[in-house]
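The values are calculated or read from the model by the stated rules, or taken from the named source; none is laboratory data. Bear in mind that the values here come from a model prediction, so they are computed numbers and not experimental data. Cβ: placed from backbone, ideal geometry, glycine included. Neighbour counts: every protein chain shown.
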Amino acid sequence: GAGVSQSPSNKVTEKGKDVELRCDPISGHTALYWYRQSLGQGLEFLIYFQGNSAPDKSGLPSDRFSAERTGGSVSTLTIQRTQQEDSAVYLCASSLREEEAFFGQGTRLTVV
Amino acid sequence: RKEVEQDPGPFNVPEGATVAFNCTYSNSASQSFFWYRQDCRKEPKLLMSVYSSGNEDGRFTAQLNRASQYISLLIRDSKLSDSATYLCVVDYTGTASKLTFGTGTRLQVTL
């Protein structure tokens, strides 16, 4: 596709439910990042994939969060047993190695 | 020390003013540097790359100081439309493979 695509654009879920957020990176981009951003706050790094290397999971806030990247392309961020503090915009970005990163428009997650 | 550190602001400046932001980074081996802009409720977008020799794009000038490990962004003749959050991005690992984003500096340009 022309850019990074994220789905859904908005997700409202009940506390305790699991959610899956999807990211389609730009074709050929080897690096993929997940960030989250709470209202009025900066980007919070979650996880980074680079090619076939083991992902950098150092930003995942708890074991309720996990992410996969299948075939070096599409990535899914899963949040289990969602809590209200998980409410945020989840942003995905992709890049070639040392080049600029392109962001998707994000998924706005609201946990009620 | 944080990997990438920025003053969160906000910087409130009148239209026409010149404003500068600095960003410090901790890994001296870092090779790639960028400034991104994020408008309210939008995703970040590349504003400009930062080259060793410094570079300019219209009213925007970016500079790199390797010795002191910081990059800067200078905005001249500020416009209302420049109001946004400016994110500093550094290739933290030094292997040109992982970009690390600062938390951003908020700029508000007023009449």
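The set of residues in region B:77-105 that are surrounded by fewer than 21 Cβ atoms within 10 Å (Cβ to Cβ) and within 14 Å of the chain's Cα centre (by Cα) comprises B:ASP82, B:SER83, B:THR103.
Any chance region A:77-84 includes a residue that's assigned to a strand (DSSP E or B), charged (D, E, K, R) and modelled with pLDDT of 90 or more? Checked against the condition, which is being assigned to a strand (DSSP E or B), charged (D, E, K, R) and modelled with pLDDT of 90 or more, region A:77-84 yields no hits at all. For B:SER52, the stated conditions do not hold, so it cannot be described as of a type in the set (S, T, N, Q) and over 15 Å from B:TYR25 (Cβ atoms). Identify, please: which residue in region B:74-102 is out of contact with any strand residue (DSSP E or B) (no Cβ under 7 Å at 6 or more places or on another chain) and modelled with pLDDT under 85 and is, among those, nearest to the other protein chains (Cβ to nearest Cβ)? Checking each candidate, the answer is B:ALA96. Kindly provide the set of residues from region A:56-86 that are touching a residue at least 40 places away in the same chain (Cβ under 8 Å) and either crowded, with 19+ Cβ neighbours inside 10 Å or of a type in the set (A, V, I, L, M) (or both), ordered by number. Within region A:56-86, A:VAL74, A:SER75, A:LEU77, A:ILE79, A:THR82 meet the criteria.
Within region A:1-60, the only residue that satisfies the criterion of being modelled with pLDDT of 95 or more, of a type in the set (A, V, I, L, M) and more than 29 Å from B:ARG106 (Cβ to Cβ) is A:VAL19.
Cβ-Cβ contacts under 6 Å between residues 6 or more apart (or on different chains), taken from a first residue in region A:23-44 that is within 12 Å of chain B (Cβ to nearest Cβ) to a second residue that is β-branched (Val, Ile, Thr) and outside any strand (DSSP E or B), are listed as A:GLY42/B:THR103.
Within region A:31-44, the only residue that satisfies the criterion of being touching a strand residue (DSSP E or B) at 6+ places or on another chain (Cβ under 6 Å), in a loop (DSSP other than H, G, I, E, B) and over 17 Å from B:CYS88 (Cα atoms) is A:SER38. Could you grab me the full set of residues in region A:58-72 that are small (Gly, Ala, Ser) and over 13 Å from the mean Cα position of the chain (by Cα)? Correct list: A:SER58, A:SER62, A:GLY71, A:GLY72. Each residue in region B:23-64 was checked for being free of Cβ contacts under 8 Å to residues at least 40 places away in the same chain and either over 16 Å from B:ALA84 (Cα atoms) or away from every other protein chain (no Cβ under 14 Å) (or both), and 16 of them qualify. Which members of region A:63-89 meet the condition of being within 20 Å of A:LEU43 (Cβ to Cβ) and out of contact with any strand residue (DSSP E or B) (no Cβ under 7 Å at 6 or more places or on another chain)? If the condition is that a residue be within 20 Å of A:LEU43 (Cβ to Cβ) and out of contact with any strand residue (DSSP E or B) (no Cβ under 7 Å at 6 or more places or on another chain), then A:GLU85 is the only one that fits.
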